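Coordinate-derived values only; no laboratory data. Fair warning: this is a prediction, and the values are worked out from it, not measured in the lab. We place every Cβ from the backbone using ideal geometry, glycine too, and count neighbours over all the protein chains shown.
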Amino acid sequence: MPHLLNVWPSVSRQLASSPRVLLLFDYDGTLTPIVARSEMAILPDETRRSLSVLAALDRFVVGVVSGRGLLDLEAMVAIPGLVYAGNHGLEISGLEMDYVHPEAPGFEACLADVADLLEAELAEVPGLVVDNKRLTLTVHFRNTPDSFETQVDSAVVATVAPYVQTGQMMLTRGKKVVEVRPNLDWGKSQAIEKIRRECVDNPLPVFFGDDQTDEDGFAVVQDAGGLAVFIGSTRQSTKALHQLESPAEVGQVLELLARLD
Ligand SMILES: [Mg+2]
């Protein structure tokens, strides 16, 4: 898997020859380093500046596609003119969109019940956070001692099992998180497709991501002839055909993109 900066001459030629480019980024672990508490994942100043510059150029449509709730994501990024997809794409704003997946709100009450059950079940686990984001829910255990990990995972699986068995909910896992999501055929890949269709001029899609739920997004942009960039070590397995080591390197690429001829 080539490091994106090593093949930048050919990649930049491909991007420069595309009249429009759709640049999409995951947030945590991609635009910002992963930190102990999600509210401390502040966008670096240089990254914010580069994204703002790119968003103002006619060539680019810029968006952020995250598991965070939409309002939280918009507040963290806070750059006007971007497309924002929150809750793994169940809610999208920007371009002409003010989208909520039509079936997602029907799961809110159920998710609130699941949140209460998980809060009670996991109350004794140190450092654990149950974050009900209205349309999806995240159990964060980054600040929990590793010795609790198996117990946390089993407790979440057992608590959510009745809702999984009835087909209402599904579980996904990421870096020190387990997520409870409505069992809908909708995630980052569908959100990316929807954003791409909304750009009438069929832009070349590029997607940067670092975690499990980004993998479907990688597949969808590569199938469309675009570029998928995995953020992390080459030792990890991914569908993405390009790689960068860190959010700091994503920052470098943003600066290169802003200087594209
Ligand atoms: Mg991420």
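Things worth noting here:
- Remark: C-alpha extents of segment 17-81 on the principal axes read 40, 22, 19 Å, sorted largest to smallest.
- Its residues counted as N, segment 90-149 yields a C-alpha radius of gyration over 2.2 N^0.38 Å of 1.43.
- Simple rule: put +1 on each Lys or Arg Cβ and -1 on each Asp or Glu Cβ in segment 104-182, find the dipole, and look at T144, Y163, G174; the Cα lying farthest toward the positive end is G174.
- Computed over the chain with a Gaussian network model linking Cα atoms closer than 10 Å, the most mobile of G86, G167, G232 is G167.
- Cβ-based exposure ranking for E121, E74, in which fewest neighbours within 10 Å come first: E121, E74
- Taking T138, T234 and counting other C-beta atoms within 10 Å, the order from fewest to most: T234, T138
- Segment 104-182 - convex hull of alpha carbons, volume per residue in Å³: 75
- Between R235 and A158, the FRET efficiency from the beta-carbon distance, with R0 = 51 Å, is close to 0.95.
- Considering all different alpha carbon pairs of the chain, the Kirkwood hydrodynamic radius works out to 18.8 Å.
- Alpha-carbon gyration tensor eigenvalues x 5, square-rooted, for segment 198-257, Å: 20, 15, 8
- Here E245, E193 are placed in order of increasing Cβ neighbour count within 10 Å, fewest first, which gives E245, E193.
- Assigned charges on the beta-carbon of Lys, Arg, Asp, Glu; segment 104-182 dipole about Cα centre (debye): 380
- Cα-based reach from K194 at 23 Å (exclusive), listing lysines while leaving out same-chain residues under 8 positions away: K133, K239
- Sparsely packed trypsin sites (Lys or Arg not before Pro) within segment 168-257, loop by DSSP, other Cβ within 10 Å at most 13: K175, R235
- The amide H of I34, built 1.01 Å from its N in the peptide plane, has G29 as neighbours under 5 Å, considering only residues 5 or more places off or on other chains.
- Segment 53-135: Rg to Rh, with Rh as the Kirkwood radius over Cα pairs: 1.10
- Rg/Rg_globular for segment 124-261, with Rg_globular taken as 2.2 N^0.38 Å and Rg from C-alpha atoms: 1.24
- Förster-model FRET efficiency, 35 Å R0, D113 and E39, C-beta, rounded to 0.05: 0.90
- Value at 222 nm in deg cm²/dmol, rounded to 500, when DSSP H runs of n ≥ 4 in the chain each add -39,500 (n - 2.57): -11000 deg cm²/dmol
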